[in-house]
Amino acid sequence: MTRNQGPLVLGIDGGTESMRVGLFDIEGRLLLAKSRPYKTHFLQSGWAEQNPEDWWNALRGAVSDLLDASKVKPQDIVGIGFDATSCTVVFLDTNMRPLRDALLWMDVRSRKEARDIAESGHKALKYNGYGNVSAEWMPCKALWVKRNQPELFAKAAVVCEYLDYINHRLTGRLTGSINNASIRWYYDEEEGGFPASFYSAIGLEDLIEKFPADILDMDQPAGRLTEEAAYQLGLKPGTLVAEGGADAFVGMVGLNAIQPERLAFITGSSHLHLGMSPVPFHSKGIFGTYPHAVIRGQYTVEGGQISTGSILKWFGTQFLGAKADEAARVHKGLYEFMDEKAAKIPIGSEGLIVLDSFQGNRTPLVDPNLRGAVWGLSLRHGPEHIYRAILEGIAYGTEFIFRKFREAGYEVKDIYACGGPTKSALWMRIHSDVSGLPINIPEVQDAPLLGSAILATVAAGIFPTVSEAAGKMVKITRRIEPDPEAHEAYAFFMDKYVRTYDRLSGLMHEVTERLH
């Protein structure tokens, strides 16, 4: 591998399905990336667990693959940054050994615990947008274990995140990230840290003492690579390790969306919308704002759509078999082929409206019992109409969130996007036109991986601040400006999208509750 001379850093992303390791220079160029998969165990419906030892073995394998392929010298790597899935909860004994498999972020067995926590009515629930508490979040999972595996909970000396476990394996120090603590553990440094009254009210008064005692900013050094970890990974002992944080929030850094009025738009199977505000605010239908969660002195606001790219995949898998064959005959991918077809259809998909709540609505309605819908169908409509209507419906869902942001006084000016859907010029055009906002697409699409590398440069002292490092290392290669006429045309259909929820939500609740 050829490269410019200079220090290098590793960005490491502990994802849902694999451990990914990227080698970056301090210009932000991704020189090489390797990954190793690990298994998820689905023991029952709604349950998802992973073995923490599998994470470590995957990390060892991915680093080994990268070093072998790159031929770089370990001493050239001056810093390591790590991000991981958030609310993947680990229970450790006094020797820091796992007592059970970790409860993965998507594990929602703690639905009852989530309802009980919501019913506490504690003021800390402002971070949930005064709505439903997600069964994904740390306290819900911890409460389930305490209720259902009380001996194991009592034996646990440490309850922490995936991130914390790997950082301990790397450095020998147990630290917690202010990012995870603020966004999912109800930690508020400005009000004294962990809210003891909240944890007492929900029956977890003994959980705080099991959390990591040292809560660090994402760019602070968690420690240095131990001799043992360095030996296992093939890296240099003493290499600095940045504290890091949750994957999507580290992705904000990798998009350079860390200034107010810039929004990180992280796309994929779901959409996540993350922005920065200089002042705190809390509003129904909005998650946050989380203090100091990404940048010290700023407050992070969060919105999210549960089903986005997953709806398109569902439609393609279940209904577009003939179109896939047709696309293959002209040597094109299915989605590229369908984009070309759908681009010829006018705004509004000739009267079709799609609701994107196939798995419920995360924000702004915060309603797990909503479901998807398609209406306006006529005998004129073909697969390409429905395809475009799905793209539009998801864009309406994003704009619905932006409207709630604006109502709360938070104004988005620029979108910075990453993820698979950014490959679709049509979909990004629709998003831009519906929202009336420009969308910026960076060179490195793996924003969490680059974000972790950026944090590593700061922890290693290469750059003094995250803002300066991101400004140097994130390169924007494409910008999509909204079409004012298209934005005006979409306003009519956007209105119908919102009003459809008003009309159908009651019926959806009746059916969902009957099925469960």
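A few comments on the model shown:
- Within region 103-135, tally of residues that are touching a helix residue (DSSP H, G or I) at 6+ places or on another chain (Cβ under 9 Å), over 24 Å from residue 280 (Cα atoms) and of a type outside the set (Phe, Trp, Tyr): 12
- Tallying residues that are under 30 Å from residue 224 (Cα atoms) and open to solvent by less than 90 Å² (accessible area, probe 1.4 Å) within region 465-516 yields 10.
- Filter result for residue 135 (among the small types (Gly, Ala, Ser), closer than 20 Å to residue 246 by Cβ and either modelled with pLDDT of 95 or more or not in a loop (DSSP other than H, G, I, E, B) (or both)): no
- Any hit, region 134-149, residues being touching a residue at least 40 places away in the same chain (Cβ under 8 Å), surrounded by fewer than 23 Cβ atoms within 10 Å (Cβ to Cβ), among the aromatic types (Phe, Trp, Tyr) and under 21 Å from residue 293 (Cβ atoms): no
- Candidate set from region 73-89 (those that are part of a loop (DSSP other than H, G, I, E, B) and not hydrophobic (A, V, I, L, M, F, W, C)); member that is most open to solvent (accessible area, probe 1.4 Å): 73
- Region 466-516, residues that are among the acidic types (Asp, Glu), modelled with pLDDT of 95 or more and over 30 Å from residue 219 (Cβ atoms): 481, 483, 485, 488, 495
- Scanning region 493-504 for residues that are in contact with a strand residue (DSSP E or B) (Cβ under 7 Å, 6 or more places away or on another chain) and not aromatic (Phe, Trp, Tyr) yields 496, 500, 504.
- Matching residues, region 63-79, being among the charged types (D, E, K, R) and over 18 Å from residue 13 (Cβ atoms): 68, 71, 73, 76
- Selection status of residue 126, closer than 26 Å to residue 291 by Cα, among the basic types (Lys, Arg) and either assigned to a helix (DSSP H, G or I) or within 23 Å of the chain's Cα centre (by Cα) (or both): yes
- Matching strands (runs of 3 or more DSSP E) fully within region 1-60 where at least 3 residues are open to solvent by 10 Å² or more (accessible area, probe 1.4 Å) and in contact (Cβ under 8 Å) with a residue 24 or more places away in the chain: 30-37
- Within region 90-112, the residues that satisfy the criterion of being among the aliphatic types (A, V, I, L, M) and crowded, with 24+ Cβ neighbours inside 10 Å are 90, 102, 103.
- Strands (runs of 3 or more DSSP E) fully within region 308-425 counting 3 or more residues that are within 21 Å of the chain's Cα centre (by Cα) and farther than 17 Å from residue 490 by Cβ: 414-418
The values are calculated or read from the model by the stated rules, or taken from the named source; none is laboratory data. These numbers were taken from a predicted model, which means no experiment stands behind them. Virtual Cβ from ideal backbone geometry, glycine too; neighbours counted across all protein chains shown. Each accessible area value is taken on the protein alone, full model and side chains, heavy atoms only, with ligands, DNA and RNA left out. Shrake-Rupley method; radii C 1.70, N 1.55, O 1.52, S 1.80 Å.
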